[in-house]
Amino acid sequence: MPFLHSLPGGPFTMDTRRSKSNLLLEAHRSTMKCNRVLLLLLIFIAFWQCTPLVNRIAFDPDRTDYGRQLLKQLGGRQIRLHQAGGVVLDGCYLPNPESRVLFIYFRGQGRNYSRYLEKLAEWRDMGAGVFTFDYRGYGRSSGSPSESVCYADADLAFTYAVDSLGFRPEDIVVVGRSLGTAFATFVSQNREIRGLVLIQPLTNARMYARYHAPDFTAWFVGAAFDNIGRMSTIVAPLVVIHGTEDSVIPVHMGIEIYQACRSPKSLITVQGADHEGLDPLGSPEARDAVAGLIGP
């Protein structure tokens, strides 16, 4: 019945074909919109689920006693910080009676402060007291570590240094190494402190993931440990110390941190030093830069 093709409103007219095409197009658009919503939902779930994973990778709690009795021999004393929820943080203070300056030291990922007491004494010998504490789950500190609770604990430590140890903010030098640089930059934001020392700083977790893993993994870590994002809020003089052969946190991240900071700053790259082997006070340039923060 070929005449039906010419009849208005017939089942095979051009208008009918256009209507079917439009319906298919609308259905396709709706499907694409649903797919986008589903993708966003999956990304949200991935971020939410991966936050604990990021924390498990970032922290490596160690309760080993590496020689805590040495603290007394070095003239130090134990500090107990009481956080909300009954959490107790174990710390130590090595005073320097000849100085009015204090280092607040945020360590890296591994072990606990009892492993580094002699190193802490080297910082004291630079001409300032030293105060540090173990993150939750490390050493004798209770609780479990995460990025968010460590920021709160860093603030508590700074408050303790001012209110209980009696140091003015302008006499405090904040020091962070590796993972600890995130807590050091956090607590130093918009504070008129004496100085900030960052040893082997990462830029942020997303850039770190891209360096060590396929690019897509960066989407699952969010804005964790965002040192580079906080650089615009640092008003204190900055010293960055980084080894040129660091395969864990590459030296270009330290350089990017240095470049992003707007306050007076110094960059010391230690030739041939890797992540574990870097002695931050081992080079004359680094010692001079740190001594410059302490002052006469």
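The values are calculated or read from the model by the stated rules, or taken from the named source; none is laboratory data. Because the structure is predicted, anything quoted here is derived from the model rather than measured. Positions of Cβ are generated from backbone atoms using ideal geometry, with glycine treated the same way; all protein chains shown enter the neighbour counts.
Descriptive notes on the structure:
- Selection of first residues in the range 147-164 that are at negative phi and of second residues that are part of a loop (DSSP other than H, G, I, E, B) and hydrophobic (A, V, I, L, M, F, W, C), restricted to Cβ pairs under 7 Å at least 6 apart or on distinct chains, gives the following pairs, ordered by first then second residue: GLU147/ALA224; GLU147/PHE225; ALA161/PHE167.
- Residue within the range 178-187 that is surrounded by fewer than 20 Cβ atoms within 10 Å (Cβ to Cβ), assigned by TED's automatic domain parsing to the domain that holds LYS265 and either touching an Asp or Glu at 6+ places or on another chain (Cβ under 6 Å) or of a type outside the set (D, E, K, R) (or both) present: no
- Subset of the range 129-156 (residues that are buried (at least 24 other Cβ atoms within 10 Å of the Cβ), closer than 12 Å to LEU81 by Cβ and of a type in the set (A, V, I, L, M)): ALA154
- Which listed residue is assigned by TED's automatic domain parsing to the domain that holds VAL149 and closer than 21 Å to GLN271 by Cβ, from GLY222, GLY254: GLY254
- Within the range 254-296, tally of residues that are under 22 Å from PRO169 (Cα atoms) and surrounded by 17 or more Cβ atoms within 10 Å (Cβ to Cβ): 7
- Under the condition of being touching a helix residue (DSSP H, G or I) at 6+ places or on another chain (Cβ under 6 Å) and either closer than 19 Å to GLY222 by Cα or not assigned by TED's automatic domain parsing to the domain that holds ARG230 (or both), the residues counted in the range 130-146 number 1.
- Subset of the range 165-204 [within 24 Å of TYR113 (Cβ to Cβ) and assigned to a helix (DSSP H, G or I)]: PRO169, ASP171, GLY180, THR181, ALA182, PHE183, ALA184, THR185, PHE186, VAL187, SER188
- Members of the range 112-152 found to be of a type in the set (Lys, Arg), within 20 Å of LYS72 (Cα to Cα) and in a loop (DSSP other than H, G, I, E, B), listed by number: ARG140
- Selection count, the range 213-230, where residues are more than 12 Å from the chain's Cα centre (by Cα) and modelled with pLDDT of 90 or more: 0
- For the range 223-241, the set of residues classified as in a loop (DSSP other than H, G, I, E, B) and of a type outside the set (Phe, Trp, Tyr) consists of ALA223, ALA224, ASP226, ILE234, VAL235, ALA236, PRO237, listed by residue number.
- All conditions in (1) modelled with pLDDT under 95; (2) in contact with a His (Cβ under 9 Å, 6 or more places away or on another chain) hold for MET253, with the sole exception of (1).
- Members of the range 74-93 found to be surrounded by 14 or more Cβ atoms within 10 Å (Cβ to Cβ) and either modelled with pLDDT under 95 or over 25 Å from the mean Cα position of the chain (by Cα) (or both), listed by number: LEU74, GLY76
- Applying the set (1) under 18 Å from the mean Cα position of the chain (by Cα); (2) farther than 19 Å from GLY108 by Cα to ILE257 leaves exactly one unmet item: (2).
- Residues of the range 242-296 satisfying the condition of being in a loop (DSSP other than H, G, I, E, B), without any contact (Cβ under 8 Å) to a residue 60 or more places away in the chain and under 18 Å from THR185 (Cα atoms): CYS261, ARG262, SER263, PRO264
- Filter pass, ILE104 being within 18 Å of LEU196 (Cβ to Cβ) and assigned to a strand (DSSP E or B): yes
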